[in-house]
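Chemist: The structure under discussion is supplied below as structure tokens; questions concerning it will follow.
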Amino acid sequence: MDIALLIWTVALTILVVIGSVWILDLQARLRRMQQRYQNMLAVEGEAGASALLESLAARLAETTARTERLTARAEQIDRTLAHTVQGVGLVRFRAFQDAGGEQSFALALADGEGNGAVISMLYRRGEVRLYAKPVQGWLSPNQLGDEEQEALAQVKRKVVGHD
């Protein structure tokens, strides 16, 4: 019976020591938190706390207003970018047998919605012809030559990702 009492006494002593250490740790943590709180409210009394809150509210309002301005600006840029040239396709070719090399070309320019133009330049010795054809929604109201269609297809692959 004495051994059982001794075991219970040792076990309870260990639990009391562990509990005491835990309480001391909690007290140290509480002191650190109180110190941080006091540092945060370094200005005196409730006036300091309300001043701190007012300052934080003003900064939050300023940040919110700036975020709204930046969002509006980003939306404006997105709308503008939809109507800018987003793809270029270039096909060089030999338009006439008597002209050396691939001096002629078809250049297609289009925005994100497929609106733009196809510009063709045909080179022949002593003569240059330049043509411009409008494009709306990846289609032209004018007849496009093979090279012009190929240049437009290049642009479409770049902008849309497929034909």
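The values are calculated or read from the model by the stated rules, or taken from the named source; none is laboratory data. These figures come from a predicted structure and were not determined experimentally. With ideal geometry, Cβ positions are generated from the backbone for all residues, glycine too; neighbour counts draw on all protein chains shown.
Chemist: In region 121-143, what residues are within 20 Å of Val159 (Cβ to Cβ) and not in a loop (DSSP other than H, G, I, E, B)?
Modeler: Result: Ala132, Lys133, Pro134, Val135, Gln136, Leu139.
Listed here are the residues, each with its yes/no results for (1) within 16 Å of Gln149 (Cα to Cα); (2) within 33 Å of the chain's Cα centre (by Cα); (3) assigned by TED's automatic domain parsing to the domain that holds Val155; (4) of a type in the set (Asp, Glu).
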{"position": "Ser50", "(1), (2), (3), (4)": "no, no, no, no"}
{"position": "Ser55", "(1), (2), (3), (4)": "no, yes, no, no"}
{"position": "Ala61", "(1), (2), (3), (4)": "no, yes, no, no"}
{"position": "Ala65", "(1), (2), (3), (4)": "no, yes, no, no"}
{"position": "Arg73", "(1), (2), (3), (4)": "no, yes, no, no"}
{"position": "Gly116", "(1), (2), (3), (4)": "yes, yes, yes, no"}
{"position": "Leu122", "(1), (2), (3), (4)": "yes, no, yes, no"}
{"position": "Gly126", "(1), (2), (3), (4)": "no, no, yes, no"}
{"position": "Lys133", "(1), (2), (3), (4)": "yes, no, yes, no"}
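Chemist: Ok, one more. From the list Leu26, Leu12, pick out the single residue that is modelled with pLDDT of 95 or more and either in contact with a Ser or Thr (Cβ under 9 Å, 6 or more places away or on another chain) or not assigned by TED's automatic domain parsing to the domain that holds Glu113 (or both).
Modeler: Just a single option satisfies the conditions, and that option is Leu26.
Chemist: Across region 50-102, what is the total count of residues that are closer than 24 Å to Lys158 by Cα and of a type outside the set (Lys, Arg)?
Modeler: The qualifying residues number 19.
Chemist: For Glu127, only one of the following conditions fails: (1) at pLDDT below 90; (2) acidic (Asp, Glu); (3) surrounded by 13 or more Cβ atoms within 10 Å (Cβ to Cβ). What is its number?
Modeler: Unmet for Glu127, out of (1) at pLDDT below 90; (2) acidic (Asp, Glu); (3) surrounded by 13 or more Cβ atoms within 10 Å (Cβ to Cβ): (3).
Chemist: I would also like to ask the following. Given the options Leu81, Leu60, Leu107, name the one that is in contact with a strand residue (DSSP E or B) (Cβ under 9 Å, 6 or more places away or on another chain) and either surrounded by 10 or more Cβ atoms within 10 Å (Cβ to Cβ) or not basic (Lys, Arg) (or both).
Modeler: When all the criteria are applied, what remains is Leu107.
Chemist: Does Gly116 satisfy the condition of being surrounded by 12 or more Cβ atoms within 10 Å (Cβ to Cβ), more than 30 Å from Met40 (Cα to Cα), touching a Leu at 6+ places or on another chain (Cβ under 6 Å) and without any contact (Cβ under 8 Å) to a residue 40 or more places away in the chain?
Modeler: Answer is yes for this residue.
Chemist: Out of the residues in region 141-163 that are small (Gly, Ala, Ser) and within 34 Å of the chain's Cα centre (by Cα), state the one that is surrounded by the fewest Cβ atoms within 10 Å (Cβ to Cβ).
Modeler: Gly161
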